[in-house]
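Remarks on the structure that follows.
Taken together, the values in this text are just the output of simple stated rules run on the coordinates, not laboratory data. Only a predicted model underlies this, so the values are computations on that prediction, with no experimental measurement involved. Note that each Cβ is placed from the backbone with ideal geometry, even for glycine, and that neighbours are counted across all protein chains shown.
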Amino acid sequence: MSVRTTISLDEDLLKLLKLKSVEVSTSVSTLIEEVVRDAFKEDSEDLKTFAERENEETIGFEVFLKQLEADGKL
């Protein structure tokens, strides 16, 4: 189901979207929907990764830096 909405865009950004839509033979609406969908998909993947790693040991910046120095990596 599609719902009509109004958004405000910078003039140059809208021009770029229109040019891109012609280039890929699709509508501006479809391009915007794809970008929004991809952004939420990326968020979803990030949340899954966070959940998978929540039990991993954490290490502070200074401790890690000292380990790298001790290992001769810095």
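Here each label is just a point 7 Å from Cα along the line to Cβ, and for Gln67 and Val22 those points are 5.5 nm apart. Comparing mean-square fluctuations of Thr49, Thr30, Thr58 from a GNM of the chain with C-alpha springs under 10 Å, the top value falls on Thr58. Using r as the Cβ-Cβ distance of Lys41 and Asp12, and R0 as 25 Å, what FRET efficiency do you calculate, to the nearest 0.05? The formula returns an efficiency of 0.40 here. Say we join alpha carbon atoms closer than 10 Å with springs in a Gaussian network model of the chain; which of Val24, Val63, Val35 then has the biggest fluctuation? Checking each option, the largest mean-square fluctuation is seen for Val63.
Legend: P(r) of the chain from all alpha carbon pair distances, 5 Å bins from 0, whole percents, reading 3, 11, 12, 13, 11, 9, 8, 7, 9, 10, 6, 1. Within the listed set Glu42, Glu33, Glu54, the Gaussian network model of the chain (springs between alpha-carbon atoms below 10 Å) gives the highest mean-square fluctuation for Glu54.
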